[in-house]
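Step one of this worksheet: look at the structure below.
The values are calculated or read from the model by the stated rules, or taken from the named source; none is laboratory data. This structure is a prediction, so every number in the text was calculated from the model and none was measured. With ideal geometry, Cβ positions are generated from the backbone for all residues, glycine too; neighbour counts draw on all protein chains shown. These area figures cover heavy atoms from the full protein model, side chains too; ligands, DNA and RNA do not enter into them. Shrake-Rupley method; radii C 1.70, N 1.55, O 1.52, S 1.80 Å.
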Amino acid sequence: MTTLLTGCSGDDGKGPEATLGPKDPTASASSGDAASPTPSPTDPNAAVKQAVLDTYDRMWAEQVKAYGKGSINGTALREYSAGPALADTQIAMDSFKEKGVVTRGAPTHEVTLSGLKPEKKVPWASLTDCLDTTAWKYVYKKTGKPVDMPKDQVLKYVTKVQAEKWGKSWKIVDVKPSNTSC
């Protein structure tokens, strides 16, 4: 899942990429399993934050379905992702199909909201995720045999995410994995 990072600049000249990560990426990962942290109910943006986090969780659920069968067809991925995030998944699916590869299992994640501008013309949010792919295995679809992976591959790493509100729905528009362990 390799994606590119793009930004949408706001009126202040600082787009989502300005807040995409803390100086110490491991400091932003919340504790807990794959569940997203719940924003404080006293926060005026609590509902917006929860909607963004829910969209990210749902996007991952649909990504797992797509990678598990090697196609985004029959998934609701388009409801939760768009732009480079969706395009990169489609490119990955084309490559998987060509190689006869699918995945088994699922990644887990610990995500935090690292930036939010709901008042912009195109509201945006940035998330920082500690994505753990340890239990997400690549296999050959016909045989079920594991795909040989690099021995030094980072399995738990920081991922920067960008979301935008399109109409009434939040969409994950960019996912940028890093080589930074978390």
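A few remarks follow.
- Residue list for segment 60-88, restricted to those being assigned to a helix (DSSP H, G or I), more than 20 Å from residue 127 (Cβ to Cβ) and open to solvent by 50 Å² or more (accessible area, probe 1.4 Å): 65, 69
- Per-region count, segment 101-156, residues β-branched (Val, Ile, Thr), over 19 Å from the mean Cα position of the chain (by Cα) and either assigned to a strand (DSSP E or B) or crowded, with 21+ Cβ neighbours inside 10 Å (or both): 2
- Cross-chain or 6+ apart pairs with Cβ under 6 Å, segment 76-91 first and within 20 Å of residue 51 (Cα to Cα), then in a helix (DSSP H, G or I) and of a type in the set (A, V, I, L, M): 77/66; 80/59; 81/59
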